[in-house]
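The values are calculated or read from the model by the stated rules, or taken from the named source; none is laboratory data. These numbers were taken from a predicted model, which means no experiment stands behind them. Here Cβ is always computed from backbone atoms with ideal geometry, including for glycine, and neighbour counts include all displayed protein chains. We work out accessible area using only protein heavy atoms, side chains counted, and drop any ligands, DNA or RNA first. Shrake-Rupley method; radii C 1.70, N 1.55, O 1.52, S 1.80 Å.
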Amino acid sequence: MTDVTGAPADVLHTLFHSDQGGHEQVVLCQDRRSGLKAVIALHSTALGPALGGTRFYPYASEQEAVADALNLARGMSYKNAMAGLDHGGGKAVIIGDPERDKSEELLLAYGRFVASLGGRYVTACDVGTYVADMDVVARECRWTTGRSPENGGAGDSSVLTAFGVYQGMRASAAHLWGDPSLTGRRVGVAGVGKVGHHLVEHLRAEGAEVLVTDVREEAVGRILAAHPTGVTAVADTATLIRAEGLDIYAPCALGGALDDDTVPALTARIVCGAANNQLAHPGVEKDLADRGILYAPDYVVNAGGVIQVADELHGFDFERCKAKAAKIYDTTLAIFARAKEDGIPPAAAADRIAEQRMHEAAVKRAH
């Protein structure tokens with residue numbers, strides 16, 4: 001089912017001629033009074049209600065917004081499946097500049113659209129949206145997570161996202177070097193914002209040497225002030241990936257970090273980071289494997305955040321969530337084992353495991 005009443009021709013083309021297919025429902029939302037223009041994409045509800053964040057971003061066109069929503073929703077299906085959650089995948093995007101266009105009226109209108117889906121989609125924070133925004137959305141929609149503790153929510157999910165990435169990193173070290181310890185390892189972190197700075201805390205606590213970079217000088221400054229020893233700033237990502245003696249590279253900023261230019265330049269033996277959609281295009285996972293670089297699939301290791309917001313629906317308990325996020329270590333090892341058994345890259349192995357779980361759930365529901 002796709003609600004596309006009044007959709008422009010280029011948007012319809014994206015919806016029905018996309019290679020990201022298989023989505024159950026796509027809703028185009030518009031509220032003229034508040035200026036809201038949004039896309040809600042539900043990829044799969046085989047495992048349960050679709051769960052995924054709301055991105056607020058100044059897309060160049062409606063077609064670009066639809067394409068991003070489709071891609072992100074599909075990714076959430078795989079992430080939730082691999083995290084062992086009883087949730088399918090969905091994502092919403094709001095078209096606009098969050099600094100200029102976001103308003104209480106707009107967020108309330110958005111909440112009404114989410115509520116109209118009757119629980120098929122559960123929303124949360126993403127790029128451009130924050131805990132305070134979810135508190136507003138929740139006034140119109142009870143299927144909202146990522147709210148503040150004062151409003152019955154779990155608050156910032158970046159703490160457990162970073163913890164999950166750290167567990168994936170330890171599993172990668174165990175698989176490649178036979179020891180999960182990161183003591184003495186040289187780790188490069190690209191992006192030290194909400195998640196990256198928590199990841200640095202874990203790494204330094206274990207005695208890893210950390211190199212950092214970020215487009216925001218103030219973010220790097222905060223890290224250096226917090227860690228006067230053991231952390232070194234480098235000029236940019238291009239410098240970081242070429243750093244001598246780098247053991248692990250952790251992309252923690254925007255997607256597409258692994259492409260035809262960066263992969264040949266990498267000095268690290270492991271890539272494990274928090275950024276979504278790290279592989280710029282199909283085939284990059286094979287390029288990494290051909291170079292002997294172990295890739296921990298992004299949607300597996302960065303699932304700590306979605307584990308947290310899913311738990312919020314049942315009455316948030318941090319320790320319960322942390323225990324679930326700790327299992328990312330075992331999940332990552334299982335993916336590496338499946339990849340070795342099937343003779344495929346880890347990214348492909350993760351996809352197979354996720355698809356198998358979704359397929360089994362769909363068959364079970366059909367009967």
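Could you calculate the FRET efficiency of R222 with R291 from 1/(1 + (r/R0)^6), where r is the beta carbon distance between them and R0 is 45 Å, rounded to 0.05?
0.85
For K102, what accessible surface area do you get with a 1.4 Å probe? Give it in Å², rounded to 10.
50 Å²
With a 1.4 Å probe and all protein chains left in place, how much accessible area per residue does the chain have, in Å²?
It amounts to 43 Å² per residue over the chain.
With only Lys, Arg, Asp and Glu charged, each at its Cβ (+1 for the first two, -1 for the last two), find how big the charge dipole of the chain is about the Cα centre; round to the nearest 20 debye.
Result for the chain is approximately 760 debye, rounded to the nearest 20.
Rounded, prolate or oblate: which fits region 224-301, taking a ≥ b ≥ c as square roots of the Cα gyration tensor eigenvalues, rounded meaning a/c under 1.5, else prolate when a/b beats b/c?
prolate
Carbon and sulfur: what percent of region 136-229's accessible surface (1.4 Å probe)?
It is 48 percent, rounded to a whole number.
Counting only the heavy atoms of the protein chains, how much of T183 is accessible to a 1.4 Å probe, in Å² to the nearest 10?
90 Å²
Please list the non-local residues whose amide H lies under 5 Å from the amide H of V271, H modeled 1.01 Å from N, same-chain partners needing a gap of 5 or more.
The answer is Y249, L294, Y295, A296.
Under the rule a/c < 1.5 gives rounded, and otherwise a/b versus b/c splits prolate from oblate, where does region 171-266 land using the Cα gyration tensor?
Oblate is the answer for region 171-266, as a/c is 1.5 or above yet b/c matches or exceeds a/b.
Take the cross-link list K79/K364; K37/K327; K194/K340 and give me the ones stretching past 32 Å between alpha-carbons.
Too far apart for the 32 Å limit: K37/K327; K194/K340.
Using helices alone, I'd like the mean residue ellipticity at 222 nm for the chain: each DSSP H run of four-plus residues gives -39500 (n - 2.57), total over residue count, nearest 500.
-13500 deg cm²/dmol
Going toward the positive end of the dipole of region 50-209, with +1 on Lys and Arg Cβ and -1 on Asp and Glu Cβ, which of A205, F113, Y57 do you reach last?
A205
Based only on Cα atoms, what Rg/Rh ratio does the chain have, Rh being taken as Kirkwood's radius?
0.96
Got a sec to turn the phi values of region 304-315 into Karplus ³J(HN,Hα) couplings, 6.51 cos²θ - 1.76 cosθ + 1.60 with θ = phi - 60°, whole Hz, x for Gly and Pro?
x, x, 6, 4, 5, 5, 5, 5, 4, 5, 10, x
So, counting K/R as plus one and D/E as minus one, what does the shell of residues with Cβ under 14 Å around E150 add up to?
Here the charged neighbours net out to -1.
Report the net charge of residues surrounding V136, where surrounding means a beta-carbon distance below 10 angstrom and charges are Lys +1, Arg +1, Asp -1, Glu -1.
-2
When a/c reaches 1.5 or more, the comparison of a/b and b/c decides; with that in mind, is region 214-367 rounded, prolate or oblate per its Cα gyration tensor?
oblate
Listed highest first by mean packing, meaning other Cβ atoms within 10 Å per residue, what order do 301-311, 151-161 come in?
Descending packing order for the listed peptides: 301-311, 151-161.
In percent, how large is the relative contact order of the chain, given Cα pairs closer than 8 Å and 6 or more residues apart?
Relative contact order comes out at 15 percent.
Around A310, under 14 Å between beta carbons, what's the net of Lys plus Arg minus Asp minus Glu among the other residues?
+2
Applying a 10 Å radius around every beta-carbon, put 321-329, 26-34, 75-83 in order of their mean neighbour count, most first.
Output ranking for 321-329, 26-34, 75-83: 75-83, 321-329, 26-34.
Just to check I understand the Karplus step: with θ = phi - 60° and J = 6.51 cos²θ - 1.76 cosθ + 1.60, what whole-Hz values come out for region 346-352, glycine and proline as x?
x, 4, 5, 5, 4, 4, 5
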